[in-house]
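Written below as structure tokens is the structure these notes are about.
None of the figures in this text is laboratory data; all of them are computed from the coordinates on show. Note that the structure is predicted; figures quoted are calculated from it, not measured. Reconstructed Cβ throughout: ideal geometry from the backbone, glycine too, with neighbour counts over all protein chains shown.
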Amino acid sequence: MSEREDKTHFVDHITGHRRMRRNRKADWTRRMVRETRLTVDDLIWPVFVIPGTNIEEPIASLPGVSRMSVDRLAEAAKKAADLGIPAIATFPNIEMEKRDGTGSEILNPDNLLNQATAAVKKAAPDIGVITDVALDPFTSHGHDGILRDGEIVNDETVEQIVEAAILQAKAGSDIIAPSEMMDGRIGALRHGLDAAGFQNVGIMSYATKFSSGYYGPYREAISTSGLLKGDKASYYIDTANATEALRDAALDVEEGADMLMVKPGLPYLDICWRMKEAFSLPVFAYQVSGEYAMIRMASDNGAIDGERVMMETLLSFKRAGCDGILTYFAIEAAEKLAKA
Ligand code: PBG
């Protein structure tokens, strides 16, 4: 027996002809057998808007992300459109003096969010604008709904967000994305939008939004972290519950949602997969602020190759069945994809 045979005696016997590594041997074979791809069409860019002009204000817990004034946002949207990013999702940082217990500023047709939508549609008509109707940027307590006697009241909140959605549609919003997890909101929104003549305005439901610790930096970005009393567990889904999440999504589908979302993303890839299997609708994942910050900060500290992990996580959403990803990395990823 030669020395070589002796060393491979056990391995040869087990692997036989079954060698997975043949397809992995070179860049060209790997490209040939690649099952999932990320393209710029998969990216939705969440952005933060503040009052004023010519302002770009960094957010400490979201390195690389800034709050932008409406004029700057319009320019940024143009850049995103030029890169081929299909849509942006806007979130406003409302002045404290305009926030109150019911979030009434959301019913101001000319509020910051609606101003941003109108400016973006004017500057970059071909990029989609997705707007949220949750009340949290507008309330003095940071909750997503109307707070009464210690409770987030469901039906009254739904009535208000329907009115808000109609104003957002009037300002030019293409897709309403309700993130506040009230019951019955999708049906009410569809009904309200249709009655107001906005049959072509879509609904992307934050169908499965989990009660999560990953939202921290977002709350800094829209300045609700200091305001929020208690948590959102009475309306967001418990991390432990997958069948409940699917049931919640099924109701949204029945009520007329056009697209579904899973939020946060990476810790809930099983939900992405199950949603895609269960419903014949596009499913999007929101790689939320805490997910972004973990990658960014670990990268800034030299622990990981941030660009590589960015691309790896975005591709993982595609592998898990998602049709796209809301991500603060959208511009960076689009630039990288354009170079490749
Ligand atoms: C609330 C809302 C949240 C996010 C967007 N809208 C969650 C929250 O503050 O409870 C989180 C987005 C992110 O973390 O990137 N309506």
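Mind counting the residues in the range 272-302 that are under 24 Å from residue 182 (Cβ atoms), more than 16 Å from the ligand (Cβ to nearest atom) and touching a strand residue (DSSP E or B) at 6+ places or on another chain (Cβ under 6 Å)?
The number of residues fulfilling the criteria is 5.
Can you pull out the strands (runs of 3 or more DSSP E) entirely within the range 29-136 that have at least 3 residues that are under 17 Å from the mean Cα position of the chain (by Cα)? I'd like the intermediate steps shown before the answer.
Details: elements: 43-50, 56-58, 66-69, 87-92, 128-132.
Passing ranges, in order: 43-50, 87-92, 128-132.
Counting only residues that are without any contact (Cβ under 8 Å) to a residue 60 or more places away in the chain and surrounded by 16 or more Cβ atoms within 10 Å (Cβ to Cβ), which one in the range 212-237 is nearest to the ligand (Cβ to nearest atom)?
The extreme case among them is 236.
Answer with yes or no whether residue 132 is within 14 Å of the ligand (Cβ to nearest atom) and closer than 23 Å to residue 258 by Cβ.
Details: within 14 Å of the ligand (Cβ to nearest atom): yes; closer than 23 Å to residue 258 by Cβ: yes.
Here the answer is yes, as residue 132 does meet what is asked.
For the range 181-205, enumerate the residues that are within 28 Å of residue 63 (Cβ to Cβ) and either in a helix (DSSP H, G or I) or touching a helix residue (DSSP H, G or I) at 6+ places or on another chain (Cβ under 9 Å) (or both).
Within the range 181-205, the subset within 28 Å of residue 63 (Cβ to Cβ) is 204.
Across the range 181-205, there are no qualifying residues.
Of the residues that make up the range 238-256, is at least one within 15 Å of the chain's Cα centre (by Cα), in contact (Cβ under 8 Å) with a residue 60 or more places away in the chain and farther than 18 Å from residue 132 by Cα? Explain how you work it out, then say what you get.
The initial filter retains those residues of the range 238-256 that are within 15 Å of the chain's Cα centre (by Cα), namely none.
No, that holds for no residue.
Which residues, counting only those in the range 238-250, are more than 14 Å from the ligand (Cβ to nearest atom) and either crowded, with 17+ Cβ neighbours inside 10 Å or of a type in the set (S, T, N, Q) (or both)? Full working, then the answer.
Let us first name the residues in the range 238-250 that are more than 14 Å from the ligand (Cβ to nearest atom), namely 238, 240-250.
Of everything in the range 238-250, those that are more than 14 Å from the ligand (Cβ to nearest atom) and either crowded, with 17+ Cβ neighbours inside 10 Å or of a type in the set (S, T, N, Q) (or both) turn out to be 241, 243, 245, 246, 248, 249.
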